[in-house]
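Enquirer: Shown below is the structure under consideration.
The values are calculated or read from the model by the stated rules, or taken from the named source; none is laboratory data. What you see is a predicted model, and the numbers here were worked out from it, not measured in a lab. Neighbour counts run over all protein chains shown; Cβ positions are idealised from the backbone, glycine included.
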Amino acid sequence: MRLRRPPTPRHPSPTRTSITVRTTRRASLTAVGAVVASLMTLTPTTAVAASGAAAPDPLRRYTQQKLDWRPCDAKTAPAAFQCATLKVPLDYGDPGGEQLTIAVDRLRAGSAEDRRGVLLFNPGGPGAPGLDLPVALEAFLPREVKRRYDLVGFDPRGIGQSSPLSCGLSSDELNFDRPYHAETFAKDVRWARTVAAKCEAAAGRKLRHITTRDTARDMDVLRAALGERKISYYGGSYGTYLGAVYLQMFPRRADRFVLDSAVDPVRYGRGTFQEMAQGTEPAFVRWSRWTARRHTTYRLGTTPAEVRATFWDIVARADRAPVVTDGGTLTGDDIRSARDVFFQERKAADWVAGLKKAAEAAEPAAPAPDPELPPENTIAGLWAVMCGDTAAAWPRDPEQYRRDAVRDKARYPLYGDFASTVKPCAFWKPGSEAATKVDNDAEALILQNEWDPQTPLSAARSMHRALHGSRMVTVAGGEGHGVYGARSCADEVADDYLITGRLPAEDRTCPIVRP
């Protein structure tokens, strides 16, 4: 998933990243036959038929294509960046059929002599475009990294400028942060069915192939078209899962992989939402302790229990009459949905103190407008990829979601019902193949903040276990979603790995370095 800034009212966006894997709101994720399996390695014509003759490579038209690099639009990228498009098959089992166009950009390495290869980027999502990420990263990447790598970005298939997907969703249908209430649950089930049906009607066959595995194949076609034997990679949030899938499918094509704020590859899908709820409760308790020690500043309570009681009193008031703030009019559900703010103690204390003042105001100010909704393509892409990857694992009975939402609201009061209630994946047709099981010896560097609101520490540890050759750097006390470039102790480790290829000898935990 992707990442966000602290709280805004409602209308979250799925998980995407900026430079340090942060954005607006919410996070806002079958065995194939022998013929398809033979295509996954994207090797040259090395297959040998029974007669002993080399079989033709069905992907040669893609892997050998020449990219026509031209200056990018000056409005979106500096003059040094070049843009091109890559052709890939919609269905890798039918490479002679329908094609998709993948938008790509790059900044050439600063030194031809020291150049190692390409460093490919993905910002997260699923559903997030990635063309702008190298542009954003270029400003703070170390000179030695930029000397060694072409910085390459791309919009994944179905996203942004890459044969974009649309489901024709209305503004109300874009909002997927839906709390459980008995009286509105039937409406939420209809919403989930409608989103799934609209996407099926609008995209049809294309929808089966907007998946993580096919995006990983696109990455390998891009590698070949760039003339590279291997690629290096930086992925944030959901981009860590995409990177891990590439490592599983193409281990010999991978060079240096940095996975920032890792998704749990075992629970990817419905569990991605549920892990957010589970990780929020300890952060909320931690915040209440911090704030109680500063009662003279925030006036929210002298003990952690008093602070938490003050917060829940504000939520109850907002349920009775929405609270009007500079950020918009907030119901109690809106306040709970902003649960990620509690991973940043000072910001959360400032915010809750402001809510308390607004709730107690006799004459509230005029409501502020709701924040801008995410692009329809972003939400359509989120469901296409995550549901296409994992649809078979989602319960089909709406009553299961009702029971789970009631149970998890009791377990995880801030966000449990949001996470476990019904989603479009419950009614989605599975993608063209099953999700990838990540389990290999591939080397990678995993970076993780201790207090990450979108991909909790437990998720990164699960990714670390799945990638047996990986090393993990945990920023003790680190807050927020996104590590690299945030001036923490992990930056030096990541820089050294990209420059020299040396992973730490063992996992490291280090304190955050504040400005």
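Enquirer: Please enumerate the residues belonging to segment 281-303 that are over 17 Å from L355 (Cβ atoms), in a helix (DSSP H, G or I) and of a type in the set (S, T, N, Q).
Expert: Once the filter is applied, which keeps residues that are over 17 Å from L355 (Cβ atoms), in a helix (DSSP H, G or I) and of a type in the set (S, T, N, Q), segment 281-303 yields only T296.
Enquirer: Out of segment 154-173, which residues are part of a loop (DSSP other than H, G, I, E, B) and more than 24 Å from T101 (Cα to Cα)?
Expert: First, the residues of segment 154-173 that are part of a loop (DSSP other than H, G, I, E, B): 155-170.
The answer is S170, and nothing else.
Enquirer: Filter segment 126-153 for residues that are in a loop (DSSP other than H, G, I, E, B), out of contact with any Asp or Glu (no Cβ under 7 Å at 6 or more places or on another chain) and over 14 Å from D218 (Cβ atoms) and give the result.
Expert: G127, A128, D132, A139, F140, L141
Enquirer: For segment 139-165, which positions are farther than 12 Å from V104 by Cα and aromatic (F, W, Y)?
Expert: Hits for segment 139-165 are F140, Y149.
Yes/no matrix, rows are residues, columns are (1) modelled with pLDDT under 95; (2) aliphatic (A, V, I, L, M); (3) not in a strand (DSSP E or B):
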site: L414; (1), (2), (3): no, yes, yes
site: F418; (1), (2), (3): no, no, yes
site: P430; (1), (2), (3): yes, no, yes
site: A435; (1), (2), (3): yes, yes, yes
site: A442; (1), (2), (3): yes, yes, yes
site: M463; (1), (2), (3): no, yes, yes
site: E506; (1), (2), (3): no, no, yes
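Enquirer: Only one of these conditions is not met by P371: (1) surrounded by fewer than 20 Cβ atoms within 10 Å (Cβ to Cβ); (2) closer than 28 Å to E183 by Cβ; (3) modelled with pLDDT of 95 or more. Which number is it?
Expert: Unmet for P371, out of (1) surrounded by fewer than 20 Cβ atoms within 10 Å (Cβ to Cβ); (2) closer than 28 Å to E183 by Cβ; (3) modelled with pLDDT of 95 or more: (3).
Enquirer: Here's a check for you: in segment 76-128, which residue that is closer than 22 Å to A380 by Cβ and of a type in the set (G, A, S) is surrounded by the most Cβ atoms within 10 Å (Cβ to Cβ)?
Expert: In this case the residue turns out to be G124.
Enquirer: Okay, moving on. Does L457 meet the test of being in contact with a strand residue (DSSP E or B) (Cβ under 8 Å, 6 or more places away or on another chain), surrounded by fewer than 21 Cβ atoms within 10 Å (Cβ to Cβ) and aliphatic (A, V, I, L, M)?
Expert: Working: in contact with a strand residue (DSSP E or B) (Cβ under 8 Å, 6 or more places away or on another chain): yes; surrounded by fewer than 21 Cβ atoms within 10 Å (Cβ to Cβ): yes; aliphatic (A, V, I, L, M): yes.
Yes; evaluated as a whole, the condition is true for this residue.
Enquirer: Let me ask you something else. Taking the stated definitions as given, is T474 surrounded by fewer than 19 Cβ atoms within 10 Å (Cβ to Cβ) and modelled with pLDDT of 95 or more?
Expert: Working: surrounded by fewer than 19 Cβ atoms within 10 Å (Cβ to Cβ): no; modelled with pLDDT of 95 or more: yes.
Here the answer is no, as T474 does not meet what is asked.
Enquirer: Checking the conditions here, which among V195, V189 is part of a helix (DSSP H, G or I), in contact with a Pro (Cβ under 6 Å, 6 or more places away or on another chain) and surrounded by fewer than 21 Cβ atoms within 10 Å (Cβ to Cβ)?
Expert: V189
Enquirer: Follow-up question, since we're still on this one. Quick one: in segment 53-75, which of the residues that are at pLDDT 85 or above and assigned to a strand (DSSP E or B) is surrounded by the most Cβ atoms within 10 Å (Cβ to Cβ)?
Expert: P71
Enquirer: Could you list, in sequence order, the residues of segment 65-97 that are acidic (D, E) and over 28 Å from the mean Cα position of the chain (by Cα)? It would help to see each step written out before you state the result.
Expert: Residues of segment 65-97 acidic (D, E): 68, 73, 91, 94.
The answer is D68, D94.
Enquirer: Additional query: Please state which of the following conditions F176 fails to meet, knowing it meets all the rest: (1) in a loop (DSSP other than H, G, I, E, B); (2) modelled with pLDDT of 95 or more; (3) in contact with a Ser or Thr (Cβ under 9 Å, 6 or more places away or on another chain).
Expert: Every condition holds for F176 apart from (2).
Enquirer: Those residues that are surrounded by fewer than 20 Cβ atoms within 10 Å (Cβ to Cβ) and among the small types (G, A, S), I need them from segment 225-269; list them, please.
Expert: G227
Enquirer: Pairs, please: C-beta under 7 Å, at least 6 apart or cross-chain, first residue over 24 Å from S462 (Cβ atoms) and in segment 414-443, second assigned to a loop (DSSP other than H, G, I, E, B) and among the aliphatic types (A, V, I, L, M)?
Expert: Short answer, once both residue conditions are applied: none.
Enquirer: While we're here: In segment 254-276, what residues are β-branched (V, I, T) and either over 24 Å from G501 (Cβ atoms) or under 12 Å from the mean Cα position of the chain (by Cα) (or both)?
Expert: If the condition is that a residue be β-branched (V, I, T) and either over 24 Å from G501 (Cβ atoms) or under 12 Å from the mean Cα position of the chain (by Cα) (or both), then V263, V266, T272 are the ones that fit.
Enquirer: Also, quick follow-up: Residue by residue through segment 320-330, note down the ones that are surrounded by 14 or more Cβ atoms within 10 Å (Cβ to Cβ) and either at pLDDT 95 or above or of a type outside the set (V, I, T) (or both). Don't jump to the end; show me each part of the working.
Expert: First pass over segment 320-330, keeping only residues surrounded by 14 or more Cβ atoms within 10 Å (Cβ to Cβ): 322-325, 327-330.
Listed by number, the residues that qualify are P322, G327, G328, L330.
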